[in-house]
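What follows is one structure encoded as structure tokens, with my remarks underneath.
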Amino acid sequence: MKLHEYQSKELFSRFGIPVPSGKVVTTVEDIEKVSQDINGPPWVVKAQVHAGGRGKGGGVKVVNSLDEMKKASETILNQPLITKQTDSKGTKVHQLLMEEGVEIDRELYLAMTIDRAVAKPVMIFSQAGGMEIEEVAERTPELVLKESIDPDVGWSSYLGRSMVYKLDPLPSPETVRELITVMGRLYNLFMDLDCSLAEINPLVITKEGKALAIDAKINIDDNALYRQKEMKTLDDPREKDPLELEAEKSNLNYIRLDGNIGAMVNGAGLAMATMDMIKMAGAEPANFLDVGGGANEEMIAKGFEIILGDERVKAILINIFGGILRCDVFARGVLAAAEKNKIQIPMIVRLKGTNVEEGKKILEDSDLEFLVANDMVEAAELVAQQVSG
Ligand code: GDP
Ligand code: MN
């Protein structure tokens, strides 16, 4: 689950990480009132959306007067924001964060995440922070420093020192201390809130030599939301893909991808294998959809509707291994969805397992047209043929 920048900054403050003073507004009218409480000009207006890369997309503006701020805010609120992390239509901005402008001396990068390869939390630090961090990581990986942290031992400031002392030039001893303090606090926040990511880019050193988090990004591990009740209340459904939101309501495990093959599968492992097969056959999946072992007829129908609701989908591959989910239950779910939606795209089915004959018969006796595949390879090849050329 992703948090907005302003929410992340409130949490930073709670954990003792310094942030600029600021307020959230939703209309241009609120700006004048709010501006009286914030140091400036200069001020900074920042679009609050879950997509990154706002700076380059025009979603972050440094302004020098109230007039300029109103104009910038109006523009950001009234047109969709397009960044390299949104699709080409962009995303609507509902909220703006107004902040005091800061005089920046250096932009650093600091983040905590989980390193799956070593199965530990890892801190990432770079002296080349800012809007080019992806390019830095690609072209000059030696500028990106990492320290993995054993959660049983916890954070120790020597880990911070080993990274901060590589800064060139080395900041003043007071700034060095501040940076190491911020690191320890970011580790605490990351662990206490069950984050999958806590990122500060840029972590700046101001002209006065103060460490300050100019940007903030926190993602909470979805699997920990049951014990992170407060974090759960910070969810903003407006930022989510409408189809993903639908799927979430029905307890379906759905992720939108870039291709045009709709895939409906039970079990995460089988779903991933199916994605691979589709790609090996030369096509691209439009989604990952695991209806799960315990799916009932209703959930199947919902899943099918979600795939059909995606206008990019040009063919559907159904790959079901009937175990706990019986093939006949699955077939009835598909029929229920088909009754409600006119299906005009090819469907390829591969069914195996419990009650497979019954399931196949239900599909064959219906008015729906299916291509039946005997195994996964054939299923993937058939579906790829439907969209090629
Ligand atoms: P992102 O592009 O979505 O990551 O948005 P950021 O919050 O990182 O802002 C983008 C860039 O705007 C930063 O890298 C800074 O260079 C610049 N910026 C943000 N706040 C200030 C500020 O208070 N003063 C100045 N001079 N620049 C700022
Ligand atoms: Mn940033």
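The values are calculated or read from the model by the stated rules, or taken from the named source; none is laboratory data. Remember, predicted model here, so these are calculated numbers, not experimental data. Note that we place each Cβ from the backbone using ideal geometry, even for glycine, and neighbour counts take in every protein chain shown. Areas reflect the complete protein model, heavy atoms only, side chains present, ligands, DNA and RNA absent. Shrake-Rupley method; radii C 1.70, N 1.55, O 1.52, S 1.80 Å.
All but one of (1) in contact (Cβ under 8 Å) with a residue 40 or more places away in the chain; (2) hydrophobic (A, V, I, L, M, F, W, C); (3) open to solvent by 50 Å² or more (accessible area, probe 1.4 Å) hold for LEU143; which doesn't? Checking LEU143 against (1) in contact (Cβ under 8 Å) with a residue 40 or more places away in the chain; (2) hydrophobic (A, V, I, L, M, F, W, C); (3) open to solvent by 50 Å² or more (accessible area, probe 1.4 Å), the one that fails is (1).
At least 1 residues being away from ligand 1 (no atom under 11 Å from the Cβ), more than 25 Å from ASP236 (Cα to Cα) and open to solvent by 30 Å² or more (accessible area, probe 1.4 Å) is the threshold, and among the strands (runs of 3 or more DSSP E) wholly inside segment 79-135 those reaching it are 104-115, 120-126. For GLU174, are the conditions met, namely being within 16 Å of ligand 1 (Cβ to nearest atom), open to solvent by 50 Å² or more (accessible area, probe 1.4 Å) and either at pLDDT 95 or above or in contact with a Cys (Cβ under 6 Å, 6 or more places away or on another chain) (or both)? Spelling it out, it is not the case that GLU174 is within 16 Å of ligand 1 (Cβ to nearest atom), open to solvent by 50 Å² or more (accessible area, probe 1.4 Å) and either at pLDDT 95 or above or in contact with a Cys (Cβ under 6 Å, 6 or more places away or on another chain) (or both).
Of the residues examined, LEU189 is one that is among the hydrophobic types (A, V, I, L, M, F, W, C), within 23 Å of LEU159 (Cα to Cα) and buried (at least 19 other Cβ atoms within 10 Å of the Cβ). The set of residues in segment 192-244 that are within 14 Å of ligand 2 (Cβ to nearest atom) and either open to solvent by 40 Å² or more (accessible area, probe 1.4 Å) or not assigned by TED's automatic domain parsing to the domain that holds GLU134 (or both) contains only LYS217.
Yes or no: VAL377 under 32 Å from the mean Cα position of the chain (by Cα), modelled with pLDDT under 90 and assigned by TED's automatic domain parsing to the domain that holds ASN266? No.
Of all residues in segment 54-75, those satisfying the criterion of being within 16 Å of ligand 2 (Cβ to nearest atom) and open to solvent by less than 40 Å² (accessible area, probe 1.4 Å) are ARG54, GLY55, GLY57, GLY58, GLY59.
Scanning segment 136-150 for residues that are touching a strand residue (DSSP E or B) at 6+ places or on another chain (Cβ under 6 Å) and either part of a loop (DSSP other than H, G, I, E, B) or within 16 Å of ligand 2 (Cβ to nearest atom) (or both) yields ALA137, VAL144, ILE149.
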